[in-house]
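S.K.: Sharing a structure with you now.
The values are calculated or read from the model by the stated rules, or taken from the named source; none is laboratory data. From a predicted model like this one, the values you see are computed outputs, not experimental measurements. Glycine also receives a Cβ, built like all others from the backbone with ideal geometry; neighbour counts cover every protein chain displayed. Quick note on the areas: whole protein, heavy atoms, side chains included, nothing else; ligands and nucleic acids left out. Shrake-Rupley method; radii C 1.70, N 1.55, O 1.52, S 1.80 Å.
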Amino acid sequence: FSHPGNLPLDSVPQFICFGFDDNVYEDGLRWVDSVFKGRKNPDGYPTRATFYVSTHPDIDNQPLWDYIDTVYLNGHEIGNHTQTHNAELFNANMNSIVLWNTEISGATEDLKRQSNIPAEAITGFRTPFLGYSSATFQAMQENKIQYDCSIEHFTAQYQKPTGEWGVGLIWPYTLENGKHASSYGSLDAKVPGIWELPVHEFVPATGWSGVTGLDWNLWFKGYTKQKVIELWQSSLKVRMEGDPKRDMLANRCPLFIGMHSDEYTDDNEANAQAADNTTNRRAAITEYLDWAVKYNPAVRIVPMNEVIKWMKNPVPYSQYHYDPVIDPTPIGERIPTSKKSLSILNTSSGLNITVPTAGEISVALCSSNGREIADLGKINLSRGSNAIVLPKDISAGAYIVRVNGVVSGAQQIVIQ
């Protein structure tokens, strides 16, 4: 229940982390991305979020998968949320490690293939419908997942080192010891190296709600904009200020807010069942963010994995800044290229590849985000200029030509 390290509580960062699940509607994804890109933390550094993606390889929507790559390039975290997100499948096979392995490894591979996300960058996981078993965590470990955020922990009584008793919310913890207790009982799953970022309950200003900390539980259970904002505000305040009337102690536990970008678009027909309209749902997020960054200088709105990084090396909030690595390079030019040794031009009849030395190369034509479209095979080139014929069925647009062999590199071309 207490923060790591020996820092005074008033120097601890107050983390707020938004984790967006599913992400299969491009409009919602674009809107969320724009909201965080347009705001900064109290220290002047960017606000960013985490997106747990269900990859659905049966969905033929390359612009969506390309935009997930853009989200990654904009400095957000991309996480794994399984391939299919199929309730019937998971409910029937909750204890199957084969299923969990297939779903987790498949989603990571899809994100690499569809969205050009490096596998090593995908370290976080949330289960569909917050369901899990021991097999879930074993599969996470086998797939090199570093943290999970699926176990519900509501408020509980605890004793501080000072001897003071009170009620509070638990900090993230590791799964080294074999057992952990949650609001729905204990689970025996010894998985060294994996962290748990709890799914807390939202805490109202008065009384107890017991509402699991996901936005679905608010918008689809009768909450409207102002009530949602107030609930998010009070959930932050009790972490920083405590609540003597309810014996709640301030402990600056991170505020994890489970979200779904799909709920912030009119494209999703299911949103017609929400208690408030799309405009107000979006306004709740923007108004809360604007309030939170002004509420206290200790506030840091960051991706989920940043909390773990801080817990491994706790420093005062005045020394902690989240500075995301934002790649300003257009997606089509991300692949390293050596323009001094390789030149690729498109002509009316195909490609013109100029190389400084003769030899064999393999040539591939890729989409603007690096996904391979056509393997042009291995070609023996002479030193200097070489004409290469493209397949006749290639449509107009921007592409990447990737070359490996005696020289390697990639360049963007536009076919008209």
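S.K.: Hey, what does the equivalent ellipsoid look like for region 255-319, semi-axes from the Cα gyration tensor as sqrt of 5 times each eigenvalue, largest first, whole Å?
M.R.: After scaling each eigenvalue by five and taking roots: 31, 15, 7 Å.
S.K.: From the Cα gyration tensor of region 187-341, with a ≥ b ≥ c the square roots of its eigenvalues, which class applies: rounded if a/c is under 1.5, or else prolate if a/b is larger than b/c, or else oblate?
M.R.: oblate
S.K.: Could you please put H81, H56 in sequence from largest to smallest accessible area, using a 1.4 Å probe?
M.R.: Ranked list, largest accessible area first: H56, H81.
S.K.: Right, here's the next one. On the protein heavy atoms, probe 1.4 angstrom, tell me the percent of accessible surface of the chain carried by carbon and sulfur.
M.R.: 48 percent
S.K.: Still on this structure, please answer the following. Please report the antiparallel percentage of the DSSP beta bridges confined to region 98-252, to the nearest 5.
M.R.: Of all bridge pairs located within region 98-252, approximately 65 percent are antiparallel.
S.K.: Of all DSSP beta bridges in the chain, what percent run antiparallel (nearest 5)?
M.R.: Bridges in the chain that DSSP calls antiparallel: roughly 65 percent.
S.K.: Using only the heavy atoms of the protein chains and a 1.4 Å probe, how would T155, T82, T224 rank by accessible area, largest first?
M.R.: Reading off the accessible areas and sorting them downward yields T224, T155, T82.
S.K.: If you count only protein heavy atoms with a 1.4 Å probe, what accessible area per residue comes out for region 1-148, rounded to a whole Å²?
M.R.: Value returned for region 1-148: 37 Å² of accessible area per residue.
S.K.: Using the eigenvalues of the Cα gyration tensor, what equivalent ellipsoid semi-axes result for the chain when each is taken as the square root of five times the eigenvalue, whole Å, largest first?
M.R.: 44, 22, 22
S.K.: Largest first, what is the accessible-area ranking of Y322, Y264 with a 1.4 Å probe?
M.R.: Correct descending sequence by accessible area is Y322, Y264.
S.K.: May I pose another question? For Cα pairs less than 8 Å apart in space and 6+ apart in sequence, what is the mean separation divided by the residue count of region 223-265, i.e. the relative contact order in percent? If you can, show how the numbers build up before the last one.
M.R.: Numbers: 22 pairs, mean separation 10.9, N = 43.
Dividing the mean separation by the residue count of region 223-265 yields 25 percent.
S.K.: I'd like the distance between the alpha-carbon centres of region 141-176 and region 1-54, rounded to an integer number of Å.
M.R.: Here the two parts' Cα centres lie 19 Å apart.
S.K.: May I pose another question? Could you compute the FRET efficiency for E142 and A121, with r as their C-beta to C-beta distance and R0 at 22 Å, rounded to 0.05?
M.R.: Between E142 and A121 the formula returns 0.75.
S.K.: Ok, one more. Which whole-number percentage describes the relative contact order of the chain, with Cα contacts under 8 Å and a sequence gap of 6 or more?
M.R.: Relative contact order for the chain comes out at 19 percent.
S.K.: So how much accessible area does F256 have, in Å² to the nearest 10, using a 1.4 Å probe?
M.R.: Accessible area of F256: about 10 Å².
S.K.: Apply the a/c threshold of 1.5 to the C-alpha gyration tensor of region 1-110 and tell me whether it is rounded, prolate or oblate. Spell out each step's value before the answer.
M.R.: On the way: a/c = 3.03, a/b = 1.40, b/c = 2.17.
It comes out oblate by the Cα gyration axes.
S.K.: On a 0 to 90 degree scale, rounded to 10, what angle separates helix 26-37 from the longest Cα axis of the chain?
M.R.: Approximately 70 degrees, to the nearest ten.
S.K.: Give me the one-decimal nm value for the distance between modelled label points at I394 and K40, 7 Å along each residue's Cα-to-Cβ direction.
M.R.: That separation, rounded to one decimal, is 4.3 nm.
S.K.: Set the bar at 24 Å for Cα to Cα. Now go through K40/K221; K160/K237; K112/K221; K160/K245 and name every pair that lies beyond it.
M.R.: Violating the 24 Å limit, Cα to Cα: K40/K221; K112/K221.
S.K.: Efficiency by 1/(1 + (r/R0)^6): what FRET value for T286 and E152, r their Cβ-Cβ distance, R0 = 25 Å, to the nearest 0.05?
M.R.: After rounding to 0.05, the efficiency reads 0.35.
S.K.: Here's something else I'd like to know. Per residue, how large is the accessible surface of region 207-329? Use a 1.4 angstrom probe and give square angstrom.
M.R.: Value returned for region 207-329: 43 Å² of accessible area per residue.
S.K.: Below 8 Å, C-alpha to C-alpha, sequence gap of six or more: please give me the relative contact order for region 355-416 in percent.
M.R.: Normalised by residue count, the contact order of region 355-416 is 38 percent.
S.K.: 7 Å from Cα along Cα→Cβ at both E269 and A364: what's the point-to-point distance in nm?
M.R.: It works out to 3.8 nm between the two label points.
S.K.: Follow-up. Just report the Cα centroid separation between region 90-132 and region 283-320, whole Å.
M.R.: So the separation of the two Cα centres works out to 27 Å.
S.K.: Modelling each spin label as a point 7 Å along the Cα-to-Cβ direction, I'd like the K227/N101 distance in nm, to one decimal.
M.R.: Taking the simple label geometry, K227 and N101 are separated by 4.6 nm.
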